[in-house]
Amino acid sequence: MPKLKLVTFGCQANELDSARIAGLLALEGYALTEDEREADLIILNGCSIRDKAEQKLYSRLGSFQALKARRPGMRIGVAGCLAQREGESLLRRFSYLDLVVGNGEHLAEIPQLLQVAANRPVAATGEPAGLFPTDVEIHRESRFRAWVGIMEGCDNFCAFCVVPFTRGRERSRPPDDILREVAVLQERGYREITLLGQTVNSYGRKLDPPVSFATLLRRIDRLVAKEMRVRFTTSHPKDVTTDLIETLASLPSVCEHVHLPVQAGASRTLQRMERGYTREEYVKKVCALRKAIPDLAVTTDIIVGFPGESESDFSDTLSLMCEVAFDASFAFKFSPRPNTPAALLTDQVPESLQAQRLAQVLALQDELSLRKNLAMIGKTVEVLVDGDLSKRDSGLAAGRTRQNRIVHFGGGVVQEGILASVKITEATPHHVKGVLTASL
Ligand code: SAH
Ligand code: SF4
Ligand code: F3S
């Protein structure tokens, strides 16, 4: 049986794509292995979002060169956003590379490409316009939580972002396909799904007839009732509608968490990023969401050091973080990406200043998160038990609340994939601790 090693970089979309590749190649007889020395095929599924992500892949790829020299029969491929962006130039740059495969429908071409790659290096990286076929079983590691892709690509072209170039134009899966996949997961006893797309709340606009994300959620909720938790990521602030807010508030299966990347706190920066909303509009939407869903957790992404970001612009980001009181945020130093308008701006912020600003954002978020977590002490929360979150040797179980907070807890033996009630007793910035009161 041939062996496949998959190395995944990047976001949940890439993780899902790796699971798709594993499923597809299982049909060709490949079994997964962690050990590259026994692999007949290594695929590195790469990310391009920041330069650092690309460098990580290159360094890992380099580490396989000696292996290939010893075992010339093995094949090495690069897939995903990095492959899509760089195309076949990668084959010229890395003589030991056999395969370069882009996103979307290209992933499904891997078996045919491998046949070609038996004789010569090959690339398939035309702009992706399709979707991964629905009839290929996805190789899912977890037996109780699953990613469900609902769309691909992005039409927003934020000034800093490479994704519209790597994942192509926005296209949505038909709702019936999605519902069929969810029904199968439900039958198999899955307890949580996360609907995945670059901007899930613009789902379905181009379908014929159009279907809104709110409608999709209502259909999923009707199907799964209380048996499953439903999550979704990522939402775009400009596409948060009143209908969506009312829908989120009314559906019992949908978790009280929205990841709503703001990127910056100054309207001037947001405009230069071409995000399509102002600070005030963002705050208004979060207020409306929180009013409709009182226990909602709001998390975000922040970019520091966007070109031209002044001290005062940056302090607007800090003040916005306090105003919204995010439950968590993911912060990044701006990284100029090839072909994006922001890379051409002349007033780039020096790296040392970016690093300083990043540290300030991280420290402020720790304070905000700690405050939120301390407020949970004494409360009893619902936790979906998840072995991957347990700290080794701690003797504690772990899981996530509906708000996506990590909880470590003792007081009883619980099985992965069940819902437990946990009373919170301690808090740190990144998780809370508690004791089991009941398991369901
Ligand atoms: N579709 C999502 C974002 C996907 S990319 C959205 O629009 O919200 C994930 C995050 O990476 C972004 O939210 C942004 O904060 C960060 N990011 C994207 N491009 C970047 C760049 N050039 N430099 C630094 N961070 C970047
Ligand atoms: Fe990138 Fe903007 Fe699209 Fe998000 S919405 S993927 S940040 S272009
Ligand atoms: Fe994801 Fe990286 Fe592509 S963040 S969409 S894998 S560029």
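Odds and ends about this structure:
- Residues that are in a helix (DSSP H, G or I) and among the aliphatic types (A, V, I, L, M) within region 147-189 comprise Val163, Ile178, Leu179, Val182, Ala183, Val184, Leu185, listed in sequence order.
- Exactly one residue out of Ala375, Ala297, Ala331 is under 30 Å from Ser439 (Cα atoms) and crowded, with 16+ Cβ neighbours inside 10 Å, and it is Ala297.
- Residue within region 224-234 that is part of a helix (DSSP H, G or I) and either in contact (Cβ under 8 Å) with a residue 12 or more places away in the chain or open to solvent by less than 50 Å² (accessible area, probe 1.4 Å) (or both) present: yes
- Being of a type in the set (D, E, K, R) and in contact with a Lys or Arg (Cβ under 6 Å, 6 or more places away or on another chain) is a condition met by no residue of region 42-57.
- Spans of helices (runs of 4 or more DSSP H) in region 18-95 with at least 2 residues within 16 Å of ligand 1 (Cβ to nearest atom): 51-63, 80-86
- When each of Leu344, Leu270 is tested for being open to solvent by less than 10 Å² (accessible area, probe 1.4 Å) and free of Cβ contacts under 8 Å to residues at least 40 places away in the same chain, the lone residue that passes is Leu270.
- The condition of being in contact with a helix residue (DSSP H, G or I) (Cβ under 6 Å, 6 or more places away or on another chain), basic (Lys, Arg) and not assigned by TED's automatic domain parsing to the domain that holds Cys158 holds for only one of Arg50, Arg75, that being Arg75.
- Taking the criterion of being in contact with a strand residue (DSSP E or B) (Cβ under 9 Å, 6 or more places away or on another chain) and farther than 17 Å from Gly87 by Cα, the residues of region 29-49 that qualify are Tyr30, Ala31, Leu32, Thr33, Glu34, Asp35, Glu36, Glu38, Ala39, Asp40, Leu41, Ile42.
- Residues satisfying the stated conditions in region 397-420, i.e. open to solvent by less than 30 Å² (accessible area, probe 1.4 Å) and not in a loop (DSSP other than H, G, I, E, B): Ala397, Ala398, Gly399, Val407, His408, Phe409, Gly410, Leu419, Ala420
- Here Ala66 meets each of (1) open to solvent by 10 Å² or more (accessible area, probe 1.4 Å); (2) in contact with a Leu (Cβ under 8 Å, 6 or more places away or on another chain) with one exception, condition (2).
- Screening Val230 on (1) within 19 Å of the chain's Cα centre (by Cα); (2) within 14 Å of ligand 2 (Cβ to nearest atom) shows it passes everything except condition (2).
- When residues in region 126-146 are screened for being farther than 19 Å from Leu25 by Cα, buried (at least 16 other Cβ atoms within 10 Å of the Cβ) and either over 21 Å from the mean Cα position of the chain (by Cα) or not small (Gly, Ala, Ser) (or both), 3 of them pass.
- All positions within region 326-358 that are among the small types (Gly, Ala, Ser) and over 16 Å from Gly308 (Cα atoms): Ala328, Ser329, Ala331
- Residues of region 132-146 satisfying the condition of being part of a strand (DSSP E or B) and aliphatic (A, V, I, L, M): Ala146
The values are calculated or read from the model by the stated rules, or taken from the named source; none is laboratory data. None of these values were measured; they are calculated from a predicted model. Cβ sites come from the backbone with ideal geometry, for glycine too, and all protein chains shown count toward neighbours. Heads up: the accessible areas ignore ligands, DNA and RNA and are worked out on the full protein's heavy atoms, side chains in. Shrake-Rupley method; radii C 1.70, N 1.55, O 1.52, S 1.80 Å.
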